[in-house]
1. Name the pairs: first residue in segment 1-22 and at negative phi, second residue part of a strand (DSSP E or B) and surrounded by fewer than 16 Cβ atoms within 10 Å (Cβ to Cβ), Cβ to Cβ under 7 Å, at least 6 apart or on different chains?
2. Can you name the residue in segment 44-56 that is more than 16 Å from residue 80 (Cβ to Cβ) and either without any contact (Cβ under 8 Å) to a residue 24 or more places away in the chain or in contact with a strand residue (DSSP E or B) (Cβ under 9 Å, 6 or more places away or on another chain) (or both) and is also surrounded by the fewest Cβ atoms within 10 Å (Cβ to Cβ) among such residues?
3. Kindly provide the set of residues from segment 23-43 that are assigned to a loop (DSSP other than H, G, I, E, B), under 21 Å from residue 111 (Cα atoms) and free of Cβ contacts under 8 Å to residues at least 40 places away in the same chain, ordered by number.
4. From the list 20, 25, 87, which residue is within 18 Å of residue 118 (Cα to Cα) and either at pLDDT 95 or above or surrounded by fewer than 15 Cβ atoms within 10 Å (Cβ to Cβ) (or both)?
5. Considering only segment 42-58, state which residues are more than 15 Å from the chain's Cα centre (by Cα) and under 16 Å from residue 113 (Cα atoms).
6. Would you pick out the residues in segment 100-143 that are touching a residue at least 24 places away in the same chain (Cβ under 8 Å), out of contact with any strand residue (DSSP E or B) (no Cβ under 8 Å at 6 or more places or on another chain) and either more than 21 Å from residue 39 (Cβ to Cβ) or assigned to a loop (DSSP other than H, G, I, E, B) (or both)?
7. Regarding residue 140, is this residue on the phi < 0 side of the Ramachandran plot, within 13 Å of the chain's Cα centre (by Cα) and at pLDDT below 95?
């Protein structure tokens, strides 16, 4: 299965926040949307990603500052690891595990067109494996 197939089934909603927004704004947005990562933009372009893990890093780095006073740009990940629609999900899963990342922006023509979570990838793989097992059991038993 390809990344584009998963994106078509799960949807391509992108939630983003400006790099100059506060960490509090990012947390509020993630909570309201029930997500654990947002794309960070600056000047209309993708600047990075901000995740739940980055909230912890921002807390440590802020040394007691209120999250209203800490900018997302101070805690975001700038060097993005990304997928493209033609990537195979097995390869993507391996990259996510190897790099210890839970969220992977999908990029096409230098623009983020979707976001995959490790949960999305694993659920898709489990469904495929379950289907394969069912098919093989039917084949073996002669149904």
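1. Partner pairs satisfying both residue conditions: 2/88; 18/42; 19/42.
2. By that ranking, first place goes to 44.
3. Result: 35, 43.
4. Result: 87 is the single residue among 20, 25, 87 that is within 18 Å of residue 118 (Cα to Cα) and either at pLDDT 95 or above or surrounded by fewer than 15 Cβ atoms within 10 Å (Cβ to Cβ) (or both).
5. Scanning segment 42-58 gives 44, 45.
6. If the condition is that a residue be touching a residue at least 24 places away in the same chain (Cβ under 8 Å), out of contact with any strand residue (DSSP E or B) (no Cβ under 8 Å at 6 or more places or on another chain) and either more than 21 Å from residue 39 (Cβ to Cβ) or assigned to a loop (DSSP other than H, G, I, E, B) (or both), then 122, 124, 125, 128 are the ones that fit.
7. no
The values are calculated or read from the model by the stated rules, or taken from the named source; none is laboratory data. A quick note: this is a predicted structure, and the numbers were derived from the prediction, not measured. Methodologically, a virtual Cβ is constructed for each residue, glycine included, from the backbone with ideal geometry; neighbour enumeration extends over all protein chains shown.
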